[in-house]
Amino acid sequence: MEVPGAGYVVLLFGVPAWRCARRLVRVVRAEGECVRVESEPYHRSDARRHVFAFRTADGTRVEFEEPAAWSTARGSPVTVTYDPRDPQGTATVAGRGSWSPVLQAAALVAGCGAAALGFAILLYVEIHGGLR
């Protein structure tokens, strides 16, 4: 059985799974709050920017912008997840949707990891002529 491009498919699913799994291990949680709600220019009713702030484990204050629900007002407490190696670039509000960022990452790792494993098995069977 020939599986054209199976090696590339393994990489396509395996690399994101590996990177996401590494980030999942490093994620840290902190308490934060919404510090500003800004209207976009021209005061469109559907355009608001929410700015959140939190303190890292070493006490550094970090602010980041992220979409939020209309009910999120200035002073609203939130839980923030971030990678300590790059708090500014990785900060996100935990539980924005129905799944927390940690569960989203775990689902991505499980799905992509299973796909990569499946294609790796197919590739092995193709190379070795079957399972022994």
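The values are calculated or read from the model by the stated rules, or taken from the named source; none is laboratory data. A quick note: this is a predicted structure, and the numbers were derived from the prediction, not measured. Note: ideal-geometry Cβ built from the backbone for every residue, glycine included; neighbour counts use all protein chains shown. To get the accessible areas, we keep the full protein, side chains included, count just its heavy atoms, and leave off ligands, DNA and RNA. Shrake-Rupley method; radii C 1.70, N 1.55, O 1.52, S 1.80 Å.
Quick notes on this structure:
- Among the residues of the stretch 67-84, the ones that are open to solvent by 100 Å² or more (accessible area, probe 1.4 Å) and outside any loop (DSSP other than H, G, I, E, B) come to 1 in all.
- Flag if A21 is within 30 Å of C112 (Cα to Cα), modelled with pLDDT of 85 or more and open to solvent by less than 70 Å² (accessible area, probe 1.4 Å): no
- Residues in the stretch 38-60 that are surrounded by 11 or more Cβ atoms within 10 Å (Cβ to Cβ) and modelled with pLDDT of 85 or more: H50, V51, F52, A53, F54, R55, T56.
- Single unsatisfied condition, F64 versus (1) surrounded by 13 or more Cβ atoms within 10 Å (Cβ to Cβ); (2) modelled with pLDDT of 85 or more; (3) outside any strand (DSSP E or B): (3)
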